[in-house]
Amino acid sequence: MATQRKNLPLYLALACFLGIIAIFIVDGYMGIYDTVTVTSGELPQKIEADFWARPDNVWSTGGNRGEKVFFRYEVDNRQFSSYAADVEVSVWRSQEKVRDLLARQMSVGAFEKGEMEWAVDTVELLPSTTPPEQSFQFTVLIKRGELERRVIIYINPSPFPPKPVPAR
């Protein structure tokens, strides 16, 4: 009996240490994490889940006039149960919806990843009367359930606007 009581503080310290490790694993690893990758031209930008920790964070990226901006949205389910949510993606300008891009159900199994891809065509977004030297900003709104992610696309003006050819 004396030997068991002698090791009791060691066992208690070991149990507390394992408990602290378990808390770090559950708190830091478990959950639903989403990542957005935006590719414009040859430059992919990855927006990790920790960027969205503050609710008012907005990512901005640029795109050239006449090109497409590609998006990949990845949901990492680090839970013991499956996860399902409706994902809606739309483009906004000046607090008005310009167009819906995607509306789909996403189902992700336990400890698996789900992925969706779409493209924003800058030609379709700009009004036809827009001069080539004018720039525009649009917001891509990604809604997953109650969660919203915002990515601002800055559409650059044409660096060399076409010049009219004189009539002969």
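Annotations for the structure displayed:
- Gyration tensor analysis over the Cα atoms of the chain returns equivalent ellipsoid semi-axes of 51, 16, 12 Å (largest first, whole Å).
- Solvent-accessible area of the chain (1.4 angstrom probe, protein heavy atoms only): carbon and sulfur portion equals 56 percent.
- Excluding ligands, DNA and RNA, the accessible surface per residue across the stretch 59-168 is 63 Å² with a 1.4 Å probe.
- Subtracting the Cα-Cα distance of Arg104 and Leu126 from 0.36 nm times their residue separation leaves 5.4 nm of extension gain.
- In Hz, Karplus ³J(HN,Hα) per residue of the stretch 50-64 (6.51, -1.76, 1.60; θ = phi - 60°; x = Gly, Pro): 6, 5, 7, 4, 8, x, 9, 6, 10, 9, 10, 9, x, x, 8
- Overall form of the stretch 1-83 per C-alpha gyration tensor (a/c, 1.5; a/b vs b/c): prolate
- Residue ranges 58-69, 110-121 sort as 58-69, 110-121 when ordered by packing (mean number of other C-beta atoms within 10 Å per residue, highest first).
- Of every Cα-Cα pair in the stretch 109-168, the percent that sits beyond 16 Å: 64
- Crossing angle, helix 2-29 versus the chain [Cα axis fit, 0-90 degrees, rounded to tens]: 10
- Distance histogram for the stretch 50-126 (every C-alpha pair counted, 5 angstrom bins, percent rounded to whole numbers): 3, 12, 17, 21, 21, 13, 8, 4, 1
- The dipole here belongs to the chain: it is taken about the Cα centre, uses +1 on the Cβ of Lys and Arg and -1 on the Cβ of Asp and Glu, and is about 240 debye.
- Our summary gives the stretch 31-148 a relative contact order of 27 percent, counting only alpha carbon pairs under 8 angstrom and 6 or more residues apart.
- 3J(HN,Hα) from dihedral phi, the stretch 123-134, Karplus parametrisation 6.51/-1.76/1.60, rounded to Hz, x for glycine, proline: 5, 6, 7, 7, x, 5, 8, 6, x, x, 8, 8
- Distance (nanometres) between label positions extended 7 Å along Cα→Cβ at Glu115 and Phe70: 1.1
- Taking each DSSP H run with n ≥ 4 as -39500 (n - 2.57) and averaging over every residue of the chain yields -6500 deg cm²/dmol at 222 nm.
The values are calculated or read from the model by the stated rules, or taken from the named source; none is laboratory data. What you see is a predicted model, and the numbers here were worked out from it, not measured in a lab. Cβ atoms come from the backbone with ideal geometry, glycine included; neighbour counts cover every protein chain shown. SASA here: full protein model, heavy atoms, side chains in, ligands and nucleic acids out. Shrake-Rupley method; radii C 1.70, N 1.55, O 1.52, S 1.80 Å.
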